[in-house]
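One structure is given here, and the rest of the page talks about it.
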Amino acid sequence: MKITQALLAEHVVFHNIFDYLERAMPGLRTLGEIRTLASFLESMLRVHSLMEDELLIEPLEACLCQLAQHENFHEEHEAIEQNLEAIQTARSVAVAKRLLLKAVALSRSHFDKEERIVFPLAEGLLSSQTLLLLGKRWEEERQLLLA
């Protein structure tokens, strides 16, 4: 499997998680509930981002710089992380809900950019063999995380 296929499959899973969080939001009543969901999302996004940065963004770094997107992608990652971290110190349910919904919206927007810019760029610039090798590395890294 190519790295782009693997990461796109992860995006599909994340979109389902985002849908669930948006649906569940009205029924959440405590900071503990919101913090737990935020921690869950943060840990999943952290692993995804690390893998994506290492296996796809780094090989395309020069091209993303030329397109003036490199800093933008990193800033978006930081904004998502900051919103999720802020939930842990939020003092009200309403603020925590707003922060979680903002993190979800930022994540959706970020994933959309990756799917429109980064994935096609990788498919156009990297050989099929390289994409498959990176996909193999993704699989190996995932196995290590599961062990």
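Quick note: the coordinates plus some simple rules give every number you see, no bench work behind them. Please read all numbers here as calculations on a predicted model, not as lab measurements. FYI the Cβ positions are ideal-geometry reconstructions off the backbone, even for glycines, and counts take in every protein chain you see.
Of note:
- Rg(Cα) / (2.2 N^0.38 Å) computed for the chain, rounded to two decimals: 1.12
- Exposure rule at most 14 other beta-carbon atoms within 10 Å, DSSP loop trypsin sites (Lys or Arg not before Pro): the chain longest free segment: 30-90
- Candidates per GluC sites (Glu not before Pro) in region 6-54, loop by DSSP, up to 13 other Cβ within 10 Å: none
- Taking 1.567 mPa s as the viscosity and 4 °C as the temperature, the Stokes-Einstein diffusion coefficient of region 64-147 based on its alpha-carbon Kirkwood radius rounds to 85 µm²/s.
- At R0 = 22 Å, FRET efficiency that the Cβ-Cβ distance of residue 1 and residue 109 yields, to 0.05: 0.30
- For residue 97, the lysines whose Cα falls under 30 Å of its own Cα, not counting residues fewer than eight places away in the same chain, are 113.
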